[in-house]
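Each remark here refers to the structure printed beneath this line.
Quick note: the coordinates plus some simple rules give every number you see, no bench work behind them. Owing to the predicted nature of the structure, the values given are computational and were not obtained by experimental measurement. So basically every Cβ, Gly included, is an ideal-geometry build from the backbone, and we count neighbours across all protein chains shown.
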Amino acid sequence: MLVLYHGANSVCSIKVRIVLAEKALEWEGRHIDLPKGEQFHPDFLKVNPRAIVPVLDHDGMLIRESSVISEYLDGLSTHNRLLPADPVAQARTRIWGLNTLEYHDSVNTLTFSSYQRQMLLAKSPEELQARWDAMPDKIRVRKTLDLMENGAQSDYVPVALSRLQRMCAEMEESLADHDWLMGADYGLADALVTAYFFRLDCIGLDRLWESRFPRVTGWYRRVCERPSLAAATAPWLDEDAIETIRAVGRQTFIEDADFPEYL
Ligand SMILES: N[C@@H](CCC(=O)N[C@@H](CS)C(=O)NCC(=O)O)C(=O)O
């Protein structure tokens, strides 16, 4: 049996849920409420001492890291094979998977400087202290504290924006000759990066690619038309929740603010 420990609005969980939907695999969810801090509960720490989701439990065998889980799931059935057969395309797909570590860090920066910041600001000093004490990664604590204090003015924000511009520029190049990242067919590389775009879209930052990167804009439109994105998001995130997140994002990242030029 496939059991996924996941968060409703966690980008890495959305990534894995997209692959589960693309592969039409049966799975059971164990929802971990991240804003409530359920990732720090001793029962979950037995599943992942790093206190992060997603974690896949396949018949008692635990697998962590969303891109690794995604490729693992793809290998479980021949239905809608997502990893290309060609070894070079496989290597390139895995590079997209590695890149997502950087995308995750950048998207996490922007999320915690906007709506997650509001969630943290609403907590009492005691609750916050308990959270910092529970977080195993103290570098992440430092970054979160900085984002909480400075919001969009944090030094982390322009770095994140310029890295994400680079992501868009690299994708624009990869999409020069075909509709999907690895060729004519939708594949694992597309599935691995989609959730980061979904989150940026939710926090009102679709202008990172809209009117700047036309091929990426078309790619995201096509991704949104696939039933897998709705299947991976709608049951956990309704339109009202997304609108609230977007409103905070729009307040945080002022519409006409210049993006740092990476290119
Ligand atoms: N590189 C990991 C990142 C996992 C990660 O950071 N997950 C976030 C949610 S997207 C989390 O569980 N955060 C817990 C917290 O913020 O305390 C992956 O791709 O699986």
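General observations
- The distance linking the range 128-164 with the range 166-234 is 26 Å (Cα centroid to Cα centroid, whole angstrom).
- Each of residue 50 and residue 149 was given a label point 7 Å from its Cα along the Cα-to-Cβ line. The distance between the two points is 2.7 nm.
- Between residue 26 and residue 43, the simple label model (points 7 Å from Cα in the Cβ direction) yields a spacing of 2.4 nm.
- Taking all Cα pairs closer than 8 Å and separated by 6 or more residues, the relative contact order of the range 2-75 comes to 40 percent.
- Only Lys, Arg (+1) and Asp, Glu (-1) charged, at Cβ; the range 1-113 dipole about Cα centre in debye: 140 debye
- Vicinal HN-Hα couplings computed from phi for the range 34-44 (Karplus, 6.51 cos²θ - 1.76 cosθ + 1.60; Hz; Gly/Pro x): 5, x, 6, x, 5, 5, 9, 5, x, 5, 6
- Peptide packing for 79-89, 16-26 was compared via the average number of neighbouring C-beta atoms within 10 Å per residue; ordered from the highest value, the list is 16-26, 79-89.
- Selected from 180, 227, 20, residue furthest toward positive end of dipole (the chain; charges at beta carbon): 20
- Normalising the average separation of contacting C-alpha pairs (under 8 angstrom, six or more residues apart) by the number of residues puts the relative contact order of the chain at 23 percent.
- Distance from the range 26-44 to the range 52-91 (C-alpha centre basis), Å: 21 Å
- The DSSP beta bridges internal to the chain are antiparallel in roughly 70% of cases.
- For residue 29, the residues whose modelled amide H falls within less than 5 Å of its own, excluding neighbours fewer than 5 places apart on the same chain, are 4.
- Divided by 2.2 N^0.38 Å, where N counts the residues, the Cα radius of gyration of the chain comes to 0.99.
- Placing +1 on the Cβ of every Lys and Arg and -1 on the Cβ of every Asp and Glu, with no other charges, gives the chain a dipole of roughly 400 debye about its Cα centre.
- The ranking of 173, 102 from fewest to most other beta carbons within 10 Å of each one's beta carbon is 173, 102.
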